[in-house]
Structure formats: C-alpha cells, structure tokens
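The values are calculated or read from the model by the stated rules, or taken from the named source; none is laboratory data. These numbers come from a predicted model, not from an experiment. Positions of Cβ are generated from backbone atoms using ideal geometry, with glycine treated the same way; all protein chains shown enter the neighbour counts. SASA here: full protein model, heavy atoms, side chains in, ligands and nucleic acids out. Shrake-Rupley method; radii C 1.70, N 1.55, O 1.52, S 1.80 Å.
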Amino acid sequence: RQVLVFNCDEGIDFKSMGRIFTGLVKCGAWGCFDEFNRLKVDQLSAVSQMIQVIQEAPKNGEKNCHLLGRDINVDSNAGIFVTLNPAGKHYGGRSKLPDNLKQLFRSV
C-alpha cells in the first residue's frame, strides 16, 4: 500500500487539501498529515467536513463521495492519518483541533 506523508503548514488551504484527499481516495493510498494542527482554524473546519464525507462513504457502503463539487470513486483501502504537536507556547503556530474534527480520529 502506498503511504504519502504531507507536512502541513499555514499556507495550505482547504482546496489544496481537497485535491490531495481526492487523489488518496481514488487510488486507495494512505495519507499521513504531519503537524496537522498547523493549518489555520478556519481551514481545519472546512477540512473536517471533507474528512467526514470521505469516512462516511465506505461506512455506508457507497462507492462514490462528493468532494470539491465533484463525485469521485472511493477506494475503501484509502486512509487519512494525522500527527499533531500540542498547541501552546512550546510549539508555536499550532491550533487546538475543533471538537467535530477530534471525533473523526482516534488518539494513539
């Protein structure tokens, strides 16, 4: 299985993330988004909605999902993983994850 690692920063917007998600979902790859909480808070909210759409498709037995105004085929092997550093003064530029986004992932 192909695993792609992306280093997140404040310059990534939800459209860029949507294009990455589209590629991952279409080919069944895993995507690891390192330092995910460096994305801006407003971008995290938009990204959380896309992740929820992606996760719901295989749960509901659907073969397609709707991202960025397009229907795309969903390969059920696709996966989205994130890493974070704590928000606070020791790690500048990190945001706390919104609750709706926290619910989409499990802590390890």
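The figures follow:
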{"quantity": "The range 30-43, residues that are under 18 Å from Asp99 (Cβ atoms) and under 9 Å from the mean Cα position of the chain (by Cα)", "calculated": "Phe36"}
{"quantity": "Positions within the range 1-18 being within 23 Å of Lys63 (Cα to Cα) and touching a strand residue (DSSP E or B) at 6+ places or on another chain (Cβ under 9 Å), in sequence order", "calculated": "Arg1, Gln2, Val3, Leu4, Met17, Gly18"}
{"quantity": "Where a residue in the range 62-84 is among the small types (Gly, Ala, Ser) and its partner, wherever it lies, is part of a loop (DSSP other than H, G, I, E, B) and surrounded by fewer than 18 Cβ atoms within 10 Å (Cβ to Cβ), with Cβ under 6 Å and at least six apart", "calculated": "Ala78/Gly28"}
{"quantity": "Every residue from the range 1-56 that is under 16 Å from Phe81 (Cβ atoms), open to solvent by 30 Å² or more (accessible area, probe 1.4 Å) and small (Gly, Ala, Ser)", "calculated": "Gly23"}
